[in-house]
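Let me begin by presenting the structure, written as structure tokens, before commenting on it.
What follows is calculated from the coordinates using simple rules that are stated; it is not laboratory data. It should be emphasised that the depicted structure is a prediction, and the values quoted were computed from it without experimental measurement. Note: ideal-geometry Cβ built from the backbone for every residue, glycine included; neighbour counts use all protein chains shown.
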Amino acid sequence: MKSKTEYLKFNTESRLEFINITDQVEKIVRESEITEGLCLVNAMHITSSVFINDDEAGLHSDYSRWLDFLAPHQPINKYRHNDTGEDNADAHMKRQIMGREVVVAITKGKLDFGPWEQIFYGEFDGKRTKRVLVKVIGE
Amino acid sequence: MKSKTEYLKFNTESRLEFINITDQVEKIVRESEITEGLCLVNAMHITSSVFINDDEAGLHSDYSRWLDFLAPHQPINKYRHNDTGEDNADAHMKRQIMGREVVVAITKGKLDFGPWEQIFYGEFDGKRTKRVLVKVIGE
Amino acid sequence: MKSKTEYLKFNTESRLEFINITDQVEKIVRESEITEGLCLVNAMHITSSVFINDDEAGLHSDYSRWLDFLAPHQPINKYRHNDTGEDNADAHMKRQIMGREVVVAITKGKLDFGPWEQIFYGEFDGKRTKRVLVKVIGE
């Protein structure tokens, strides 16, 4: 069994942001020289997500509005977590909706994707440095 | 390390549908002859899900109503994604709630399941051909 | 490829509860003597979750309130699943929000975690014995 581990870094300009990281993950898979296996991609922080969906700006704007409907940022004092001095309780909820990680099959040396699948980093409490872990195992 | 990759196809009659695919996944695990490992099952499309829950018709009806409460299909023009000519923005949200994939342990040649665990394909924008990937790795 | 499988047991005093299981998972990883691989941790029951987030009491109280807003326990007769004699339909929904499983990278013999990542068992229909599966594969 072979394995490869890499870490990606992000520091977004806005609180909420979606970044397509498919190319970066594909590059790591290629460099791993693993042809059959699994690729784990996960946020290493608890107010951000890694998820797979469509690279379409309208959808991302819908996601942003929808997540604020399900878990509003305001009022800050609505959340007990924010009594600790934080203001990001909503981001901990948004991350649970969108998920922490994806596991992708590697077949014949490539991410085994359907026609529209793209991997995104989802940031819900940005403007600071965060990391994503990519781990490939297989043969 | 051994591996096996298969693709399942679905074309549902209604927009929203849940299909129990446990038997199909078990068959692939059996054919893989892998006794200890992991089995990844994921939707290859971004308006459908693979998830594990109960095979109970009342619950599925509850899920259907609940998902429409969290992410209503109507009004279509509420979603910016639908400005592209699509009418399935809600399906992209429902899929995030229910998840893209499951990873199941294989122990002694079988899906290592609790008493009620069953694997479902969840369709939120059906009436077209969609695929599910099953990848087994291990020894 | 090596592998190790263990089962953790829980019987909570209240219906809804969050239990930090990071130490128990770390111990299993250590005993597996696997230095590079993946660790799957999943609920074996369909009204509970395994998820990764912050070990902060205020946040857990927020999660509890938020999940009851998204999927209220009452009124029981609102859910068709509860026509079967159960009263836990809401728990099946809460579990979908929080997720069934996490997959964690093992690097240099340890759970490869960001600064605040902790693994939790999330119970939504407690006061009975439930199990969590931990499966480590790698080398």
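For region B:78-139, lysine pairs with C-alpha atoms less than 20 angstrom apart, excluding pairs fewer than eight positions apart on the same chain, total 5. Which residue, chosen from B:Thr129, B:Ile52, B:Ala71, occupies the Cα position most advanced towards the positive end of the dipole of chain B, where the dipole is computed from +1 (Lys, Arg) and -1 (Asp, Glu) charges on Cβ about the Cα centre? Positive-end residue among those listed: B:Thr129.
Using the rule -39500 (n - 2.57) for each DSSP H run of four or more residues, divided by the residues of chain A, the 222 nm mean residue ellipticity is -8000 deg cm²/dmol. Relative contact order, whole percent, for chain B stands at 55, derived from Cα pairs under 8 Å and 6 or more residues apart. Note on B:Lys108 and A:Lys110: their simple-model spin labels are 4.1 nm apart, each label 7 Å out from Cα toward Cβ. Applying a DSSP loop filter and a limit of 12 other Cβ atoms within 10 Å to the trypsin sites (Lys or Arg not before Pro) in region A:1-110 leaves A:Lys108. In order along region A:80-94, the phi-based Karplus estimate (6.51 cos²θ - 1.76 cosθ + 1.60, θ = phi - 60°) of 3J(HN,Hα) comes to 5, 4, 6, 5, 6, x, 7, 10, 10, 3, 4, 5, 5, 7, 4 Hz; Gly and Pro are listed as x. Distance between the pseudo-spin-label points of A:Arg65 and A:Ser14 (7 Å out from Cα toward the beta carbon): 1.3 nm. Ordering A:Ile119, B:Ile97, C:Ile28 from the fewest to the most neighbouring beta carbons within 10 Å gives C:Ile28, B:Ile97, A:Ile119.
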